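Enquirer: The structure under discussion is supplied below as structure tokens; questions concerning it will follow.
Quick note: the coordinates plus some simple rules give every number you see, no bench work behind them. No experiment lies behind these values; they were computed from the predicted model shown. We place every Cβ from the backbone using ideal geometry, glycine too, and count neighbours over all the protein chains shown.
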Amino acid sequence: MMIAQAVRWIGQTDGYLDLIDQRLLPGEEVRIECRQVGQVYDAIKTLAVRGAPAIGVAAGYGLVLAIQQAGADALELLSKAREYLAASRPTAVNLFWALDRIEQRAKQFVADSPVAETELLQQAVLAEANAICNEDIEMCRKIGENGQRFIEQDDTILTHCNAGALATAGQGTALSVMYEAKKKGKGFKVYADETRPLLQGGRLTAWELERAGIEVVVICDNMAGWLMKQGRIDLVITGADRIAANGDMANKIGTYALSVLAKKHSIPFYVAAPSSTFDLSISSGAEIPIEQRDEQELKTFGDRQIVPDDVKVYNPAFDVTEAGDITAIITEKGVIERPNAGNIVQCIGS
């Protein structure tokens, strides 16, 4: 299988962040060299890099870039860069988790070695960013291993948006389940919602699955319910951008509708996500901030205007699926069936 490497660091402390520009797929496969924090911010904000785990990894390396030219002010510069990058996207909790983890590592390093040279701090920050990246790669593999048992021979799977290698540092979350099932020799077909308005399913998921040799069929988002009624969907697998303590989860807009349709048609609805996607500080999905995207994403299609100038649009990037509509959450630590506050803590810790 050919699996993309969406996020990678090139070099040592004086290196740079290398990304696939996902805005150009599937027409062009172009990589971006980010050598400044502002470039990382723009890449996250404009969706050149997207997917909760990949955003976290990219932001972590952004903090490495922030202190490359630093002196005694390294910790101050890192803190400012952390605040700056945190403002790039509000919903994906992995972003804040990665930034906080690296900032805490830097503060602890300075506390333990107050007279250490800046170069040693830079090395410590890079090591932490690398650890986050490597852990993500391993988490993706484990999520796939834990979830592949839910796919049976000749199943037809529905997925939404892109939760594959392009969304992580490894082989993905929802798509990792499919990749591991393929490694087991299972044959199956995937329906990929196109995922309006930015078409991450049609552009990215279809591109990934085709490269991996998995049969994929793209459908419009509003076709999913009809396929379910016809008995053509055996299970739904999606990723997640943030999961609350009670199991409610935010994912790409349109996921909520799929969960309701799946429940109506008695189809299992699985969520695949690493433990870093859980935000146990919030009790339910009602507390998850929902990013509002630029109205031009809905008013235009390519270079063509499709909505009149004076007409308003509403463009939330995410919606919230209730825990009661989720069959199980597949994590690297295990599978949480019928998720609730108790069995989430039992699986991933407090």
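Enquirer: Let's see if you can work this out: charge +1 on each Lys and Arg Cβ, -1 on each Asp and Glu Cβ, no other charges. What is the dipole magnitude of the range 260-350 about its Cα centre, in debye to the nearest 20?
Expert: 400
Enquirer: With r as the distance between the Cβ atoms of V115 and E322 and R0 = 51 Å, compute the FRET efficiency 1/(1 + (r/R0)^6) and round to 0.05.
Expert: 0.45
Enquirer: Using amide H atoms built 1.01 Å from N in the peptide plane, name the residues 5+ places from F301, or on other chains, whose amide H lies under 5 Å from its own.
Expert: Answer set, sorted by chain and number: I306.
Enquirer: Quick check on the range 7-142: take the gyration tensor over C-alpha atoms, sort the square-rooted eigenvalues as a ≥ b ≥ c, and tell me if it's rounded (a/c under 1.5), prolate or oblate.
Expert: The shape class here is prolate.
Enquirer: Give me the number: length gained by fully extending A341 to Y314, i.e. 0.36 nm times residue separation minus the C-alpha to C-alpha distance, one decimal in nm.
Expert: So the chain would gain 6.5 nm between A341 and Y314.
Enquirer: What FRET efficiency comes out for I306 versus D14 if R0 is 41 angstrom and r is the Cβ-Cβ distance? Round to the nearest 0.05.
Expert: Efficiency for this residue pair is about 0.35.
Enquirer: Calculate the dipole size of the range 145-348 relative to its Cα centre from +1 charges on Lys and Arg beta carbons and -1 charges on Asp and Glu beta carbons; express the result in debye to the nearest 20.
Expert: Details: 21 positive and 28 negative charges, 111 e Å.
Using Cβ point charges on Lys, Arg, Asp and Glu, the range 145-348 gives about 540 debye.
Enquirer: If you don't mind, another one. Just to confirm my numbers, what's the Cα centroid distance between the range 30-45 and the range 290-316 in Å?
Expert: 24
Enquirer: Which value at 222 nm does the chain reach when only helices count, each DSSP H run of 4 or more adding -39,500 (n - 2.57), with the total divided by all residues and rounded to the nearest 500 deg cm²/dmol?
Expert: Numbers: 11 runs with 131 residues, N = 350.
One gets -11500 deg cm²/dmol as the mean residue ellipticity at 222 nm.
Enquirer: Right, another one. For a 21 Å ceiling on Cα separation, which of these pairs sit above it: K263/K312; K252/K299; K45/K80; K229/K264?
Expert: K263/K312, as the Cα separations exceed 21 Å there.
Enquirer: For the chain, build the charge dipole from Cβ charges (+1 Lys, Arg; -1 Asp, Glu) around the Cα centre, then report which of F96, V37, L166 sits farthest towards its positive end.
Expert: L166
Enquirer: For a test of the definition: using alpha carbon positions, the gyration tensor, and the 1.5 limit on a/c, classify the range 149-201 as rounded, prolate or oblate. Don't skip to the answer; put the middle values down first.
Expert: On the way: a/c = 3.25, a/b = 1.43, b/c = 2.27.
Oblate is the answer for the range 149-201, as a/c is 1.5 or above yet b/c matches or exceeds a/b.
Enquirer: To continue, here is another question. Using unit Cβ charges (K, R positive; D, E negative) and no other charged atoms, how large, in debye to the nearest 20, is the dipole of the chain about its Cα centre?
Expert: So the dipole magnitude of the chain works out to roughly 820 debye.
Enquirer: Continuing with this model, one more query. For the charge dipole of the range 145-348, defined by +1 on Lys and Arg C-beta atoms and -1 on Asp and Glu C-beta atoms about the Cα centroid, which residue among N343, G302, N315 has the Cα displaced farthest towards the positive pole?
Expert: Farthest along the dipole direction, towards plus: N343.
Enquirer: Ok, one more. Give the whole-number value, in cubic angstrom per residue, of the convex hull volume spanned by the C-alpha atoms of the range 145-348.
Expert: Here the figure is 122 Å³ per residue.
Enquirer: Also, quick follow-up: Please state the shape class of the range 254-307: rounded when a/c is under 1.5, otherwise prolate if a/b exceeds b/c and oblate if not, all from the C-alpha gyration tensor. Provide the component values of the computation, followed by the final result.
Expert: Values: a/c = 2.64, a/b = 1.48, b/c = 1.78.
Verdict is oblate for the range 254-307.
Enquirer: Still on this structure: Rounded to two decimals, what ratio of Rg to Rh does the range 184-262 give with C-alpha atoms and a Kirkwood Rh? Each step should come with its number before you reach the end.
Expert: Numbers: Rg = 13.3 Å, Rh = 13.6 Å.
When Rh is taken as the Kirkwood radius, the ratio is 0.97.
Enquirer: Here's a follow-up. Put +1 on the Cβ of each Lys and Arg and -1 on the Cβ of each Asp and Glu in the range 7-142; which of C140, Q122, A70 then has its Cα farthest toward the positive end of the dipole?
Expert: Final value for the positive-end residue is C140.
Enquirer: Going through the range 59-133, which GluC sites (Glu not before Pro) have at most 15 other Cβ atoms within 10 Å and a DSSP loop state?
Expert: Those that pass, being in a loop and sparsely packed, are E117.
Enquirer: If I histogram all Cα-Cα distances within the chain using bins 10 Å wide from 0, what percent of pairs lands in each bin?
Expert: 6, 26, 34, 23, 9, 2, 0
Enquirer: Here's another thing I want to ask about it. Which trypsin sites (Lys or Arg not before Pro) does the range 133-195 hold that lie in a coil by DSSP with at most 13 other beta carbons within 10 Å?
Expert: Hits after loop and neighbour filter: K184.
Enquirer: Now a separate question. Go ahead and collect, in residue order, the members of the range 222-248 whose backbone nitrogen is under 11 Å from a label point 7 Å along the Cα-Cβ direction of A257.
Expert: Answer for this model: 222-226.
Enquirer: Further, regarding this structure: Highest mean first, what order results for 47-60, 21-34, 194-207 on Cβ atoms within 10 Å?
Expert: 47-60, 194-207, 21-34
Enquirer: Tell me, in nm to one decimal, what length is gained between R211 and K333 on full extension, where the rule is 0.36 nm per residue of separation less the Cα-Cα distance?
Expert: Extra length available between R211 and K333 comes to 41.1 nm.
Enquirer: Report the full-extension gain for the segment A286 to Q104: residue separation times 0.36 nm, less the Cα-Cα distance, to one decimal in nm.
Expert: 62.7 nm
Enquirer: Going 7 Å from the Cα of M1 in the Cα-to-Cβ direction, what parts of the range 49-93 have a backbone nitrogen less than 18 Å from that spot?
Expert: Backbone N within reach: 53-54.
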